[in-house]
1. Nearest 5 is fine: what % of DSSP beta bridges in the chain come out antiparallel, could you say?
2. Could you compute how much accessible surface residue 213 exposes when probed at 1.4 Å, giving the result in Å² to the nearest 10?
3. Find the relative contact order for the stretch 57-161 and round it to a whole percent, using C-alpha pairs within less than 8 Å whose residues are 6+ positions apart.
4. Net charge within 13 Å of residue 7 by Cβ-Cβ distance, Lys/Arg positive one each and Asp/Glu negative one each, not counting residue 7 itself?
5. With every protein chain left in place, what is the accessible area per residue of the stretch 92-236 in square angstrom, probe 1.4 Å?
6. Once R0 is set to 22 Å, what does the formula 1/(1 + (r/R0)^6) return for the Cβ-Cβ distance between residue 61 and residue 180, expressed as a FRET efficiency to the nearest 0.05?
7. Go through the stretch 130-236 and name the chymotrypsin sites (Phe, Trp or Tyr not before Pro) that are in a DSSP coil and have 10 or fewer other Cβ atoms within 10 Å of their Cβ.
8. Just the accessible area for residue 30, please: 1.4 Å probe, Å², rounded to the nearest 10?
Amino acid sequence: MPLIEVRDLKKYYSSGLINKQYSRAVDGVSFHINRGETLGLVGESGCGKTTVGRLLLRLVEPTSGRITFDGTDIIGLKKGEMRKLRPRMQMIFQDPESSLNPRMRIGESISEPFRLKLRGGMSRGEMKKRVLELVDVVGLNPEHINRFPHQLSGGQNQRVVLARILAIKPEFIVADEPTASLDVSVQAQILRLMMDLKSEFGLTMLFISHDMDVMRHMSDRIAVMEKGKIISTIDN
């Protein structure tokens, strides 16, 4: 059963005050993602794939179309209703350091969802125990929790991002070229980790990339995007 269903999704950007011109970033995209499935979205830079990912989480508002998450049309939700739903839907960005507060230690970043009581309050002891569990799950060492993002490598920071996302316990993740800023040797480690986490936690994922080899490795199905449209879907 699909967790995500998208129908005729469009995002147009306008320019010019008098003679308006429209850029069709996303132009009538339709697809679905089944529970526990990874759909790969591949295409050249500028084809609109990142915009699709942001639209699914309503980080940008669509021009028109329909996005259904677990049976709920999220385009029709008010801000307060969307805020309640958002912990179930998370995004991994290209640059891990930009996703982390440079003034917060790693342990603080991972424990932030607990402190915000997204999943209910807990004692400090329980919080520290859970943070250390997550640090272990993503392959970091306990001493990393006392460091700042600039003291870690890009690959380590992406592991921190994954740990923080797992703390929220999402059902759906948009991964927007999560290894693009990493060294080749580190990319393989992060991709293997993401596959392991997907299996262990039963995650559903939209994986965005321009690299077809990565797509074949990560995805159950692959949607090919060009100039704002999905031009084909391939079973992997």
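1. On the way: 24 of 42 bridges.
Roughly 55 percent of the beta bridges in the chain run antiparallel, per DSSP.
2. Rounded to the nearest 10, that gives 110 Å².
3. Working: 77 pairs, mean separation 31.4, N = 105.
In percent, rounded to a whole number, it is 30.
4. Numbers: positive: 10, 66; negative: 5, 8, 73.
Net charge in that neighbourhood comes out at -1.
5. Numbers: 7350 Å² over 145 residues.
Value for the stretch 92-236: 51 Å² per residue.
6. Details: r = 25 Å, r/R0 = 1.16.
Once rounded, the FRET efficiency stands at 0.30.
7. Working: sites: 172, 201, 207; in loops: none.
In loop regions of the stretch 130-236 (DSSP not H, G, I, E or B), there are no sparsely surrounded chymotrypsin sites (Phe, Trp or Tyr not before Pro).
8. 60 Å²
The values are calculated or read from the model by the stated rules, or taken from the named source; none is laboratory data. Quick caveat, the model's predicted, so the values are computed rather than measured. Glycine also receives a Cβ, built like all others from the backbone with ideal geometry; neighbour counts cover every protein chain displayed. Just so you know, the surface numbers come from the protein's heavy atoms only, side chains and all, with ligands and any DNA or RNA stripped out. Shrake-Rupley method; radii C 1.70, N 1.55, O 1.52, S 1.80 Å.
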